1. Loop only per DSSP, at most 11 neighbouring Cβ atoms within 10 Å: give me the chymotrypsin sites (Phe, Trp or Tyr not before Pro) in region 148-192, ordered by residue number.
2. Hey, can you grab everything whose amide H is under 5 Å from the amide H of residue 240? Only 5+ residues off in sequence or another chain; H modelled, so Pro and N-termini drop out.
3. Per 10 Å bin, what percent of the C-alpha pairs of region 156-281 does each bin hold, from zero upward?
4. Quick one: which of 67/269; 193/269; 67/104 span more than 24 angstrom between C-alpha atoms?
5. Tally Lys and Arg at +1 and Asp and Glu at -1 over the other residues with C-beta under 9 Å from the C-beta of residue 75: what net charge comes out?
6. Calculated from the structure, percent of Cα pairs over 35 Å apart equals which of (i) 12; (ii) 8; (iii) 23?
7. Working only with C-alpha atoms, what are the Rg and Dmax values of region 66-218, expressed in angstrom?
8. Let me make sure I get this right: for region 169-225, a, b and c are the square roots of the gyration tensor eigenvalues over alpha carbons, sorted descending. Under 1.5 in a/c it's rounded, otherwise prolate if a/b > b/c, else oblate. Which is it?
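The values are calculated or read from the model by the stated rules, or taken from the named source; none is laboratory data. As the structure is a computational prediction, the values presented were derived from the model and not from experiment. Quick reminder, even Gly has a Cβ in these numbers, built from the backbone with ideal geometry, and neighbours come from all protein chains shown. In case anyone asks, the SASA skips ligands and DNA or RNA and just uses the protein heavy atoms, side chains included. Shrake-Rupley method; radii C 1.70, N 1.55, O 1.52, S 1.80 Å.
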Amino acid sequence: MIRSVRHLTAVCALGAALAACGTATAPGTGHPAPAGPAPSAAHPATLAPGPGGLTPVFENGPRTRGKTVALTFDADMTADQGPRAAAGEHFDNPALIATLRALKVPATVFMTGRWAEQYPAEARSLGHDPRFEVANHSYSHYAFTGDCYGLPTVSSADRMRSEVERTYTALRKAGVPHPMPYFRFPGGCYDQKALRALSGLGVTAVQWDVVSGDAFATDADAVVRQVLDGVKPGSVVVMHCTRSAAPTTERVVRAVVPELRERGYRFVKVSELIGATAARR
């Protein structure tokens with residue numbers, strides 16, 4: 001969960017504000033064992049490793065190859081927040097997913113393994129819809145560095161790898177047939193140690209260049225303005241999809257999509273932008 005740029009210095013109990021997305025409420029209870037390396041069954045585009053074999057990091061696509069933009073949605077749920085879901089807190093946002101489908105907008109969803117266990121039907125629905133691609137957002141939504149918006153942290157390289165591997169197991173168990181070899185760090189926080197820990201797993205770390213500011217927002221118009229002001233050709237926009245912690249996002253999408261289309265933008269998934277970037281290297 002990422003706060004607006006205007007609030008980046010504020011104290012944020014990030015782990016308590018969960019984002020999630022889906023089409024129905026069908027809680028599940030899976031506890032998978034660690035899996036092998038990240039899958040790439042359909043051979044989606046990835047970036048080559050960085051210097052010394054470090055995990056590559058992607059932030060935006062080419063600026064000069066047409067007006068494309070990728071909307072991404074983080075499905076955040078920590079490992080220990082099952083009781084909140086059981087008590088009735090909604091970590092999904094069926095209206096948002098329905099709007100994306102109605103507007104025919106492709107999107108990339110970065111999903112935690114814990115969320116996939118809680119909402120396997122939603123995960124499966126997204127994973128089987130060609131308009132969406134499902135990627136990895138860690139199992140627990142714990143930070144991979146210290147001082148990351150108040151999130152609990154994982155410190156060892158083994159635990160970092162396990163967070164990624166366990167999520168792929170949870171996604172497959174929920175019925176996502178081809179989870180993408182893309183990983184988004186919780187909170188967007190990473191360092192050289194984290195990039196080194198994930199090297200060899202075959203994932204590309206996906207960041208963004210446009211912070212929507214939808215997390216915790218109550219003013220949809222302000223979020224719309226922030227997105228529209230920030231988007232450039234090749235942009236990756238980070239948003240969230242939960243009724244409890246990002247209540248304005250569906251309204252934001254309904255406003256942003258037609259305006260960007262009016263400006264000549266075409267919506268794509270992250271894989272298309274990564275493919276365009278890799279082709280230039």
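1. Details: sites: 149, 168, 182, 183, 190; in loops: 149, 190.
Taking region 148-192 and a limit of 11 other Cβ atoms within 10 Å, no loop chymotrypsin sites (Phe, Trp or Tyr not before Pro) are found.
2. Answer set, sorted by chain and number: 74.
3. 11, 33, 36, 19, 1
4. Violating the 24 Å limit, Cα to Cα: 193/269.
5. The answer is -4.
6. Label of the calculated value: (ii).
7. Rg, Dmax (Cα atoms, Å): 15.1, 46.
8. It comes out oblate by the Cα gyration axes.
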